[in-house]
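Worksheet: one structure, shown below.
The values are calculated or read from the model by the stated rules, or taken from the named source; none is laboratory data. Just so it is clear, the structure is predicted and the values come from calculations on it, not from any experiment. Here the Cβ positions follow ideal geometry from the backbone for every residue, glycine too, while neighbour counts run over all protein chains shown. Areas reflect the complete protein model, heavy atoms only, side chains present, ligands, DNA and RNA absent. Shrake-Rupley method; radii C 1.70, N 1.55, O 1.52, S 1.80 Å.
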Amino acid sequence: MNQPTHNTQSNPVQLYSGPIIAATLSPLLGFYTLMISHHVSRVTKDLDKLVHAFGYWIPGSTGTGPDGSIGSYSGKETLALGVWFLTWLIFHFLWQKQDLPVKRWIPVFLGAIGFVTLCLFHPFIDPILLLLLSSGR
Amino acid sequence: MSTEQYLHGNLAKILVRTQAILALLILLLLAGLDFFFPTNYSLQAGLHGVSAISAIVAGTYLTHRAYALIRGVHVNFKSLRYWVLGSTALNFLGAVSGNWIYMRYRGENGPRDWILKNAPDFHNYMMEFKEFVTLFPFPLMAAVTFILFYYGDDIHVRRDLTQFVGITILVSWLFLLIGFVTGLVLAKLHFV
Amino acid sequence: MNQHPNNQSSVKNSDNKSPPVSGPLVAATLAPVLGFYTLMISHHISRVSKALDQLVHAYGYWIPGSLGNGPDGSIGSYSGKETLALMVWFLSWGIFHFLWRKQELPVNRWITLFLGSLAFVTLCLFHPFIDPILMLLLSTGG
Amino acid sequence: MTAEQAIHSNLAKILVRSQAYLALIILLLLAGLDFFFPTHYRLQAGVHGMSAIGSVVAGTYLTHRAYALIRGVHVNFKSLRYWVLASMLLNFLGAVSGNWIYMRYRGEGGPKEWILANAPAFHNYMMEFKEFVTLFPFPLMAAVSFVLYYYGDAIHTRRDLTQFVGIIILVSWMFLLLGFVTGLVLAKLRFV
């Protein structure tokens with residue numbers, strides 16, 4: 001029933017933890033892209049257009065009237081998708097045969113997800129963003 | 001049990017509890033946020049929603065206990081009695097608060113007026129069904145509560161009785177779920 | 001864990017008390033079913049005519065919010081249906097419990113009946129099913 | 001096992017399955033009835049609702065499987081792979097259909113306008129949060145599907161990996177539930 005944790009001697013297959021880290025790091029980077037592009041698009045109308053432009057390929061990304069459109073959300077999704085797939089490919093290729101410390105990655109992964117979720121919650125992040133923007137000038 | 005196995009079992013326990021608490025909190029938000037809706041009837045709506053969801057959560061947990069009764073394995077009757085009592089109280093609250101919000105539902109320019117004008121089937125078939133079947137869980141759980149207190153722990157010698165109690169809990173859950181879903185459908189259609 | 005405690009030993013443990021009989025359980029579960037049927041029947045009665053609706057409604061005047069209009073609304077004759085159902089539930093429970101408290105009734109047969117009658121009353125509350133039947137009854141009766 | 005015990009556990013099995021099917025059917029009604037709502041956008045609403053509820057149901061079942069991975073007990077990886085794959089597809093459908101209904105949400109005279117006029121916090125804090133976190137489950141389940149196919153059954157030799165996979169499933173579920181509840185709150189507030 002209960003398997004020993006590391007049993008590399010008696011086991012014919014050698015498993016590397018690299019691919020699982022790559023597969024979980026890349027969506028995380030996608031989520032951060034989503035969050036950052038969202039806040040970038042909120043700064044000015046121009047930046048919103050910039051972000052929006054990445055999403056023109058998505059049906060319903062532009063349009064008005066009762067049917068509406070998803071607006072610059074399409075660009076945020078596109079950027080996040082791009083980062084997700086690109087980083088996954090790169091890290092998977094790099095770490096294919098590497099054994100990375102999963103035990104240490106789990107808390108970082110969970111912490112990072114918790115943090116990006118928090119950063120998407122306006123009542124938490126807006127005061128910080130305002131501070132950053134006002135000091136930037 | 002090795003230390004490692006113990007740690008894993010412990011982790012699973014922590015995670016299970018976290019999941020249960022999170023599920024409860026998030027589900028309570030589903031109705032709890034009604035208190036902040038832009039309507040004069042936010043108090044009634046919130047109270048009905050919170051008691052309905054609590055009734056569903058308690059009822060669903062009790063279906064889990066019901067299978068122990070049906071299978072005839074060891075049951076902690078003392079805790080079960082408190083749970084069915086709590087569940088009965090919640091079902092009662094749900095019915096009473098349902099009466100309260102039903103007044104506004106039928107009020108001038110309330111949801112009923114709107115639904116009858118725009119999608120009459122939802123009133124004629126759904127609401128006229130829902131308003132009755134949602135009254136079922138309270139008497140059913142009252143019967144279960146009475147039985148478990150009346151017979152005491154001795155009931156375990158009668159497998160046919162415990163099995164019936166388990167089935168009654170499952171039936172009560174079914175009506176709770178129907179009431180919950182139809183209530184949400186109507187609230188989506190037109191809020192009070 | 002998985003084994004049900006052996007019947008003899010459990011009975012011996014509670015030997016000083018009389019063994020549980022099924023009567024009270026049947027009474028406790030029959031009574032709500034009768035209440036549900038009351039709910040269903042009073043509902044359909046109240047739909048026949050305005051006068052019958054008022055009759056049913058009158059039983060519910062004691063419930064706050066049973067009367068009234070305007071945006072706050074009221075629960076109307078629903079209050080009367082609830083009242084009648086409550087009465088039938090409690091009254092029949094009291095009577096049957098008293099009658100059957102020492103009786104052994106066939107639980108297994110009752111389970112089937114209980115579930116069937118619950119399913120039937122649920123169906124009878126569903127207008128698309130029951131309305132054609134009611135129409136037929138009313139047209140032949142009138 | 002005696003004949004009586006076999007009959008009882010058989011009954012429990014039948015009841016458990018009936019309960020699961022009934023729960024699924026009733027829960028699907030919660031969104032399936034959207035197809036009959038008096039709005040031009042009922043197709044979008046219904047498709048999004050059905051896929052969202054399908055995702056929540058599959059995701060919740062998978063949290064049950066996740067505990068086997070975390071505890072390190074025997075796991076049927078073949079069936080688990082199909083489940084995570086299906087769950088990933090449902091999450092994808094949920095995200096795509098979410099995009100579709102989001103267009104109307106932002107449209108002229110749509111929910112966004114009404115909410116901003118009547119209860120702006122629900123748009124500014126809730127919707128602007130929900131529209132992002134509901135995108136999380138799909139990539140997370142894609143990672144899980146990939147990992148389970150990539151490593152195959154051999155993954156069971158690495159308890160740290162299976163444990164991590166279990167945790168990702170739980171995290172994905174949490175976002176599903178958040179998205180489900182916030183979506184329903186917004187639909188109650190103002191339907192499309």
(message) Take A:ILE125 and tell me if it is surrounded by 19 or more Cβ atoms within 10 Å (Cβ to Cβ), part of a helix (DSSP H, G or I) and touching a residue at least 60 places away in the same chain (Cβ under 8 Å).
(response) no
(message) Here's a check for you: in the range D:87-109, which residue that is farther than 20 Å from D:GLY46 by Cβ and assigned to a helix (DSSP H, G or I) is least open to solvent (accessible area, probe 1.4 Å)?
(response) D:SER87
(request) Check every one of the helices (runs of 4 or more DSSP H) wholly within the range B:64-162 and list those with 1 or more residues that are in contact with an Asp or Glu (Cβ under 7 Å, 6 or more places away or on another chain) and facing chain C (nearest Cβ under 8 Å). (result) B:77-105
(request) Give the range A:51-75 a look and list any residue that's more than 8 Å from every other protein chain (Cβ to nearest Cβ), open to solvent by 10 Å² or more (accessible area, probe 1.4 Å) and in a loop (DSSP other than H, G, I, E, B), or say none. (result) A:PHE54, A:TYR56, A:TRP57, A:PRO59, A:THR62, A:SER72
(request) Might you check whether a residue that is more than 10 Å from chain B (Cβ to nearest Cβ) and either under 16 Å from B:LEU186 (Cβ atoms) or not in a helix (DSSP H, G or I) (or both) occurs anywhere in the range D:49-59? (result) no
(request) Would you check if D:LEU62 is over 13 Å from D:PHE138 (Cβ atoms) and touching a residue at least 24 places away in the same chain (Cβ under 8 Å)? (result) yes
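Here is a yes/no grid of residues against (1) more than 8 Å from chain D (Cβ to nearest Cβ); (2) farther than 14 Å from A:ILE36 by Cα; (3) in contact with an Asp or Glu (Cβ under 9 Å, 6 or more places away or on another chain):
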site: A:GLU77; (1), (2), (3): no, no, no
site: A:ALA80; (1), (2), (3): no, no, no
site: A:VAL83; (1), (2), (3): yes, no, no
site: A:ILE90; (1), (2), (3): yes, yes, no
site: A:VAL108; (1), (2), (3): yes, yes, no
(request) Would you mind telling me which numbered condition in (1) surrounded by fewer than 18 Cβ atoms within 10 Å (Cβ to Cβ); (2) farther than 21 Å from A:ARG42 by Cα; (3) touching a helix residue (DSSP H, G or I) at 6+ places or on another chain (Cβ under 9 Å) D:MET141 fails? (result) (1)
(request) Please state which of the following conditions C:LEU123 fails to meet, knowing it meets all the rest: (1) more than 11 Å from the chain's Cα centre (by Cα); (2) open to solvent by less than 80 Å² (accessible area, probe 1.4 Å); (3) touching a residue at least 40 places away in the same chain (Cβ under 8 Å). (result) (3)
(request) Please find, among D:GLY179, D:GLY152, the residue that is within 9 Å of chain A (Cβ to nearest Cβ) and assigned to a helix (DSSP H, G or I). (result) D:GLY152
(request) Filter the range B:108-130 down to residues that are open to solvent by less than 50 Å² (accessible area, probe 1.4 Å), under 14 Å from C:ILE75 (Cα atoms) and touching a His at 6+ places or on another chain (Cβ under 9 Å), then give me how many there are. (result) 3
(request) Just one of (1) open to solvent by 20 Å² or more (accessible area, probe 1.4 Å); (2) part of a loop (DSSP other than H, G, I, E, B); (3) without any contact (Cβ under 8 Å) to a residue 12 or more places away in the chain trips up A:ASP46, so point out which. (result) (2)
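Table: residues versus (1) within 26 Å of C:ARG109 (Cα to Cα); (2) more than 8 Å from chain B (Cβ to nearest Cβ); (3) modelled with pLDDT of 60 or more; (4) assigned to a loop (DSSP other than H, G, I, E, B).
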| site | (1), (2), (3), (4) |
| --- | --- |
| C:ASP15 | no, yes, no, yes |
| C:VAL21 | yes, yes, yes, yes |
| C:PHE36 | yes, no, yes, no |
| C:GLN54 | no, yes, yes, no |
(request) Please work out which residue is farthest from B:LYS117 (Cα to Cα), limiting yourself to the range B:136-174 and to residues that are buried (at least 23 other Cβ atoms within 10 Å of the Cβ) and of a type in the set (Phe, Trp, Tyr). (result) B:PHE164
(request) For the range C:97-120, enumerate the residues that are over 30 Å from B:HIS123 (Cα atoms) and either buried (at least 20 other Cβ atoms within 10 Å of the Cβ) or aliphatic (A, V, I, L, M) (or both). (result) C:LEU99, C:LEU105, C:VAL107, C:ILE111, C:LEU113
(message) So for the range D:153-167 (the condition being open to solvent by 10 Å² or more (accessible area, probe 1.4 Å) and within 15 Å of A:GLY114 (Cα to Cα)), does at least one residue qualify?
(response) yes
(request) Could you please give the count of residues in the range D:131-141 that are more than 14 Å from the chain's Cα centre (by Cα) and touching a residue at least 24 places away in the same chain (Cβ under 8 Å)? (result) 1
(request) Within the range C:61-90, work out how many residues are surrounded by 21 or more Cβ atoms within 10 Å (Cβ to Cβ), under 18 Å from the mean Cα position of the chain (by Cα) and facing chain B (nearest Cβ under 10 Å). (result) 6
(request) Being more than 19 Å from the chain's Cα centre (by Cα) and not aromatic (Phe, Trp, Tyr) narrows it down to one of D:ALA68, D:ALA45, so name that one. (result) D:ALA68
(request) Inspect all residues belonging to the range D:69-85 and state whether any of them is among the basic types (Lys, Arg) and closer than 24 Å to A:ILE36 by Cβ. (result) no
(request) State whether one or more residues within the range D:130-138 are open to solvent by 10 Å² or more (accessible area, probe 1.4 Å), outside any helix (DSSP H, G or I), out of contact with any helix residue (DSSP H, G or I) (no Cβ under 8 Å at 6 or more places or on another chain) and within 14 Å of chain A (Cβ to nearest Cβ). (result) no
(message) D:VAL171 - would you say it is modelled with pLDDT of 90 or more, open to solvent by less than 10 Å² (accessible area, probe 1.4 Å) and within 7 Å of another protein chain (Cβ to nearest Cβ)?
(response) no
(request) Name, by its number, the condition in (1) buried (at least 21 other Cβ atoms within 10 Å of the Cβ); (2) free of Cβ contacts under 8 Å to residues at least 60 places away in the same chain; (3) assigned to a helix (DSSP H, G or I) that does not hold for A:TRP88. (result) (2)
(message) Please verify whether D:LEU11 is among the aliphatic types (A, V, I, L, M) and modelled with pLDDT of 90 or more, treating the condition exactly as stated.
(response) no
(message) Take the conditions more than 24 Å from B:LEU43 (Cα to Cα), among the hydrophobic types (A, V, I, L, M, F, W, C) and buried (at least 21 other Cβ atoms within 10 Å of the Cβ) and apply them to B:ALA68. Does it pass?
(response) no
(message) Residue under question is D:ILE70, and the condition is that it be open to solvent by less than 70 Å² (accessible area, probe 1.4 Å), in a helix (DSSP H, G or I) and among the aliphatic types (A, V, I, L, M); does it hold?
(response) yes
